[in-house]
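Novice: I am attaching a structure below and will ask some questions about it afterwards.
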Amino acid sequence: MVRVIGIENGHTITIDERGTRVSVRLGGVAITDELRARELLRWTIGNAWVMLERAADDMALVYRSPDALFINRELVLRGCARATLPGIEPENRPAVTYLGEINPEGPQRGARSEDPAPGSGSGTRRPPRASPKPPRRSRSSRTPGAADPSAPHAPSSGARTRAPRSPRSSD
């Protein structure tokens, strides 16, 4: 573990190694945007503790402490550099979860069966759902205020009921 004491440019940092200032070049990356790379290094490891993994000569792979952020890879991910060593660039595979089985060959020819395999999802067909029908209203010669003899005895939505009054209330 060493302390970063300065950022020289987009691919070189200055560290304090046992009391001496040492310039270390980031390995495995070729900087494509110098200004953005320098600012990213300043923002991520400007005055931080890092772990160095020596790659070749004075080149190193840099990991920030305590979260182990791989700085060389971060430069590639943010578009400031391109990877020149294997293992720097992240895998370019989308995270996909397959639900079910994949059969790239398709159904087998000559293997026709009347009954589908259980659980294949190609079994019985359901009829389409019918939309609910509104209740039929009979046209009668009732007046708007007349009560329906078949309906339960409850006040209509617009009728007021009279609640018992308390002795303290006044009209």
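Novice: Please report the net charge: other residues with Cβ closer than 15 Å to the Cβ of residue 58, K and R +1, D and E -1.
Specialist: Summing Lys and Arg as +1 and Asp and Glu as -1 gives -1.
Novice: Across segment 50-67, in residue order, what do the Karplus-derived ³J(HN,Hα) couplings come to in whole Hz, using 6.51 cos²θ - 1.76 cosθ + 1.60 with θ = phi - 60° and x for Gly and Pro?
Specialist: 9, 10, 9, 10, 5, 9, 7, 6, 10, 8, 8, 9, 10, 10, 6, 9, x, 8
Novice: Treating the beta-carbon of each Lys and Arg as +1 and of each Asp and Glu as -1, no other charges, what is the dipole magnitude of segment 16-78 about its Cα centre, to the nearest 20 debye? Walk me through the numbers on the way to the answer.
Specialist: On the way: 10 positive and 10 negative charges, 17 e Å.
For this selection, approximately 80 debye.
Novice: In segment 2-78, with Lys and Arg counted as +1 and Asp and Glu as -1 at Cβ, which of these residues, 61, 47, 30, has the Cα nearest the positive end of the dipole, that is, farthest along it?
Specialist: Checking the options against the dipole of segment 2-78, the answer is 47.
Novice: If you take the square roots of the eigenvalues of the alpha-carbon gyration tensor of segment 2-78 and sort them as a ≥ b ≥ c, do you get rounded (a/c under 1.5), prolate (a/b over b/c) or oblate?
Specialist: Working: a/c = 1.38, a/b = 1.32, b/c = 1.05.
The shape class here is rounded.
Novice: Points 7 angstrom from Cα along the Cβ direction at residue 57 and residue 97: gap in nanometres?
Specialist: 4.8
Novice: Let me ask something else. Just need the relative contact order of segment 2-78 here, percent rounded to a whole number, with Cα pairs under 8 Å and 6+ apart.
Specialist: 28
Read-outs: derived from the displayed coordinates by stated rules, not from any lab. These numbers were taken from a predicted model, which means no experiment stands behind them. So basically every Cβ, Gly included, is an ideal-geometry build from the backbone, and we count neighbours across all protein chains shown.
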